[in-house]
Amino acid sequence: MARPRKFDEGRAVEAAMRAFWTAGYEATSTQELCAATGLGRSSIYNTFASKHELFVKALSHYMDQHTTRLVDVLEDDTKPIRERLRTVLEWAVAPDEDDPSGCLVVNATVELGPHDPDIAERLEHDRRRRFAALKAAIEGAVRAGEIDPAKDADALAHFMISTVSGIQVAARGGADRHILTAIADTAMHSV
């Protein structure tokens with residue numbers, strides 16, 4: 001009879017997510033995952049089967065948290081669109097203090113997206129979800145007269161996704177808050 005697990009799988013996935021977010025997939029060793037999660041190598045492999053499967057769970061957890069938060073803000077039509085978009089940009093400029101720099105989705109897109117079809121499919125699904133939420137919020141703002149109807153909702157949604165990703169890459173590269181805020185301010189002038 002198998003012994004019952006004596007750890008919280010959700011906490012292990014959260015810890016692994018932070019390790020991958022900090023160092024990337026390839027640079028995060030199994031030993032570093034053991035240290036981050038507090039699990040032994042055998043517990044990691046017995047529970048998650050492989051480093052790749054643990055990464056898939058960690059990435060899914062990240063996307064569930066961050067994309068759901070984004071969608072919730074964008075769907076809150078009690079606030080003006082510019083306030084909602086500014087909130088999204090501010091998350092990129094000034095993330096939570098205990099979060100690693102950058103974005104796990106952006107990092108995975110660059111590191112794994114081009115050669116890992118499973119990860120690429122998951123990333124594309126998440127991108128479509130973010131795009132749809134942005135486009136719907138922008139279209140609603142056009143109907144409400146908050147955004148000039150001559151503006152293209154598709155183009156603005158793509159622009160916002162690219163801008164947020166760009167801010168996150170710049171932050172990971174060491175750009176200071178002044179630079180990141182200037183990028184966000186410039187983006188807001190385009191809306």
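The values are calculated or read from the model by the stated rules, or taken from the named source; none is laboratory data. Quick caveat, the model's predicted, so the values are computed rather than measured. Neighbour counts run over all protein chains shown; Cβ positions are idealised from the backbone, glycine included. For the accessible areas, the whole protein counts, side chains as well, though only heavy atoms, and no ligand, DNA or RNA atoms are used. Shrake-Rupley method; radii C 1.70, N 1.55, O 1.52, S 1.80 Å.
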### Most mobile listed residue (D98, D64, D77) in the chain, GNM with C-alpha springs under 10 Å
D98
### Query
Charges only on Cβ, +1 for Lys and Arg, -1 for Asp and Glu: so what's the dipole of the range 113-191 about the Cα centre, in debye to the nearest 20?
140 debye
### Query
Dipole of the range 5-139, Cα-centred, from +1 at each Lys and Arg C-beta and -1 at each Asp and Glu C-beta, to the nearest 20 debye?
160 debye
### aspartates and glutamates whose Cα lies under 17 Å from that of K135, excluding same-chain neighbours fewer than 8 positions away
D72, E75, D76, D77, E83, E124, D126, E146, D148, D152, D154
### Query
Looking at the range 144-191, which trypsin sites (Lys or Arg not before Pro) are in a loop (DSSP not H, G, I, E or B) and have at most 12 other Cβ atoms within 10 Å?
none
### Query
Roughly how many percent of the accessible protein surface of the chain is carbon and sulfur, given a 1.4 Å probe and a whole-percent answer?
53 percent
### Cβ-based charge dipole, the range 21-73, positive-most Cα from T47, A27, L59
T47
### Task
Using only Cα atoms, find the angle between the long axis of helix 117-143 and the longest principal axis of the chain, and express it within 0 to 90 degrees, rounded to the nearest 10.
30 degrees
### Task
Write down the accessible area per residue of the chain in Å², having rolled a 1.4 Å probe over the full set of protein chains.
54 Å²
### Task
Report, to the nearest 10°, how far helix 9-23 tilts away from the longest principal axis of the Cα atoms in the chain, using its own Cα long axis and a range of 0 to 90°.
70 degrees
### Query
Which one is right for this structure if P(r) over Cα pairs in 10 Å bins from 0, in percent is calculated from it: (i) 9, 33, 31, 18, 7, 2, 0; (ii) 9, 34, 37, 15, 4, 1, 0; (iii) 8, 30, 32, 20, 8, 2, 0?
(i)
### Message
Along the charge dipole of the range 120-191, pointing to its positive end and built from +1/-1 on Cβ of Lys, Arg, Asp and Glu, which listed residue (T186, A133, A157) has its Cα farthest out?
### Response
A133
### Task
Compute the relative contact order of the chain as a whole-number percentage, counting only Cα pairs closer than 8 Å that sit 6 or more residues apart in sequence.
23 percent
### Query
Picking from K57, K135, K79, which is most flexible by a Gaussian network model of the chain using Cα springs under 10 Å?
K79
### Message
If you filter the range 86-136 for GluC sites (Glu not before Pro), then keep DSSP loop positions with at most 14 other Cβ within 10 Å, what is left?
### Response
E97
### Message
Over the chain, with a Gaussian network built from C-alpha contacts below 10 Å, which listed residue (T87, T67, T78) shows the highest mean-square fluctuation?
### Response
T78
### Message
Between 0 and 90 degrees, rounded to the nearest ten: what's the tilt of helix 81-93 against the longest Cα principal axis of the chain?
### Response
40 degrees
